[in-house]
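Have a look at the structure below, then the notes.
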């Protein structure tokens, strides 16, 4: 059994009650690992999305972003605010809510890039930057929207926190406890380290997946190619079904680290191209064998990590 103390909250306000925000709400309300009043208020860009979240029982109440009185009421007494919106909206959202934030409210986010989120928070919050604890849950599905939200989405998944020098240790621990209550494993990195790591293992794979589909679309016999696409194409392009808006913002926000990864990947492609052109089977097999071993080891370590997480409950 885990010795982690139960997470308790009275009011959680989520900006963007889609897959990520909705799954957090469902996990905290349905898994039984959180105490307190557990009231969840959703703030969405559209009335329709908020109404859907209400209908599904994911949230208890909704507020419109452009309604000052409703926003003030929603944020009053909030323990934690989660920004689960595209990363480009971080600064405008923080600037919008800053006048209504209680001094004791902790704000965190779920964005896939962190250096830009920290810059946005410093610009919007100024001397109140200590209230913002940057975070990134490493979980997702091809489906988006609140209908795709799952109470067990985060079980055994990593959540990365990037604490700031201005954060009180208790604030960081509170956000960590929230994610642990969903079944997640909490890790810490610096914002810059986070962005380098995820440019490599997340952002680049999405770009490559989108690029392959784009390449086929641009070919004269695209329909014929798609008609014969099977398992390999399905597995490689699964993430090309992800939100175009979100990944547009991620690529722009993390462009420095992502360009480094693209350049390194392009260099590997050039090596493989040269080996294929020269019919150098030994060079190709050497690369493929190294990749196979590394991928197998990663899969085994990941499976062991999930098993250990389940055993600790």
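Any read-out appearing in this document is the output of simple, stated calculations on the displayed coordinates, not a laboratory observation. If you're wondering where the values come from, they're calculated on a predicted model, not measured in any experiment. Every residue, glycine among them, receives a Cβ derived from its backbone with ideal geometry; neighbour counts consider all protein chains shown.
Quick notes on this one:
- Anisotropy class of segment 194-278 from Cα gyration tensor, a/c 1.5 cut: oblate
- Helix-derived mean residue ellipticity, 222 nm - over the chain, DSSP H n ≥ 4, -39500 (n - 2.57), to 500: -16000 deg cm²/dmol
- Degrees separating the helix 255-277 axis from the principal Cα axis of the chain, which is the longest one: 20
- Cα gyration tensor shape for segment 9-189, rounded if a/c is under 1.5, else prolate or oblate: rounded
- Mean sequence separation of contacting Cα pairs (under 8 Å, at least six apart), scaled by the length of segment 157-313, corresponds to a relative contact order of 19 percent.
- Rg ratio (alpha-carbon, reference 2.2 N^0.38 Å) - the chain: 1.09
- In terms of surrounding Cβ atoms within a 10 Å radius of their Cβ, 133, 293, 213 rank from fewest to most as 293, 213, 133.
- The angle separating the long axis of helix 244-253 from the principal Cα axis of greatest extent in the chain is about 90 degrees.
- Alpha carbon centroid spacing (whole Å) that separates segment 207-225 from segment 79-136: 38
- The tail of the calculated P(r) for segment 113-234, taken as Cα-Cα distances beyond 17 Å, holds 68 percent of the pairs.
- Over segment 75-175, volume per residue of the alpha carbon convex hull, in Å³: 113
- With Cα atoms, 0 to 90° folded angle of helix 281-311 axis to the chain main axis: 30
- By other beta-carbon atoms within 10 Å, ranking 269, 65 with the fewest at the front produces 269, 65.
- Considering only alpha-carbon pairs that sit under 8 angstrom and 6 or more positions apart, the relative contact order computed for the chain is 17 percent.
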